[in-house]
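Accompanying notes for the structure given below.
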Amino acid sequence: MRFYIPQLDVAGQMEESSAHPEHLGGLPFGLPADLWPTCAECGGTQSLIAQFLHDPLRLDLGRSGRMLFVFQCNHDPGMCATWEAFSGANSCLILEPEMQTGHLTEYPADSPPLDNAAFVRGWDERGLHLAVADELAFYTDEAFFQLSDEMLANVSWSTRLGGVPRWIQSAEESPRPGW
């Protein structure tokens, strides 16, 4: 099972970091302003968490040039249910290359809190050899707590794409395998 860890660089200015197609935090790059999502709970503009390009191995979005944008509400942290998948306090968008603007998206008038931007300058590919039964153990508390410390030590806590999940909360709250 492969997973990918981003090599991140923080630039001196928000615009400089955000101008890269793949980055964490900052302003969206290529997102039409009218598609910037708002929170269904408080009505505020959501903050960008990350944006990543299609890659057939690392993040298969089904077509070259597609971009994934991930947002959540940060106007009053803890008040809007960002932890609930269907609360409307978080959003994911996949944009076709023809819909992307090719420039930074203008900062919204309601000034959503932005994290410092860090751009992805490359990806480290890692491999983890797990039996299917061991992979499935990451989705239920009973099986998860029976995994060896050695096996858990091989599963990265880092920001990454792919692999098996590491949960801060209960594995019972996870999406099902294959998500």
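The values are calculated or read from the model by the stated rules, or taken from the named source; none is laboratory data. Computed from a prediction, not measured in an experiment: that's the story for all the values here. Virtual Cβ from ideal backbone geometry, glycine too; neighbours counted across all protein chains shown. Accessible surface is based on the protein model in full, side chains and every heavy atom, while ligands, DNA and RNA are left aside. Shrake-Rupley method; radii C 1.70, N 1.55, O 1.52, S 1.80 Å.
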Inset, instruction - Name every residue in segment 129-157 that is open to solvent by 50 Å² or more (accessible area, probe 1.4 Å) and of a type in the set (G, A, S), in order of residue number. - result: A131, A133, S148, A153
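Consider D110 carefully, then state whether it is outside any helix (DSSP H, G or I), more than 22 Å from L57 (Cα to Cα) and charged (D, E, K, R).
yes
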Inset, instruction - Under 8 Å between Cβ atoms, at least 6 apart or on separate chains: pull out the pairs that start in segment 75-104 with a residue that is acidic (D, E) and end on any residue that is open to solvent by less than 40 Å² (accessible area, probe 1.4 Å). - result: E96/G65
Inset, instruction - Give the residue that is modelled with the highest pLDDT, with candidates limited to residues of segment 49-70 that are of a type in the set (D, E, K, R) and open to solvent by less than 50 Å² (accessible area, probe 1.4 Å). - result: D55
Legend entry - So E172, is it in contact with a Phe, Trp or Tyr (Cβ under 9 Å, 6 or more places away or on another chain), modelled with pLDDT of 85 or more and open to solvent by 80 Å² or more (accessible area, probe 1.4 Å): no
Inset, instruction - With the condition kept exactly as written, say whether any residue in segment 9-29 is closer than 30 Å to D134 by Cβ, of a type outside the set (D, E, K, R) and not in a loop (DSSP other than H, G, I, E, B). - result: yes
Legend entry - Pairs, first of a type in the set (D, E, K, R) in segment 24-47, second outside any strand (DSSP E or B), C-beta under 8 Å, six or more apart: E41/C73; E41/M79; E41/C80; E41/A81; E41/S87; E41/G88; E41/A89
Inset, instruction - Residue by residue through segment 86-120, note down the ones that are open to solvent by less than 70 Å² (accessible area, probe 1.4 Å) and aliphatic (A, V, I, L, M). - result: A89, L93, L95, L104, L114, A117, A118, V120
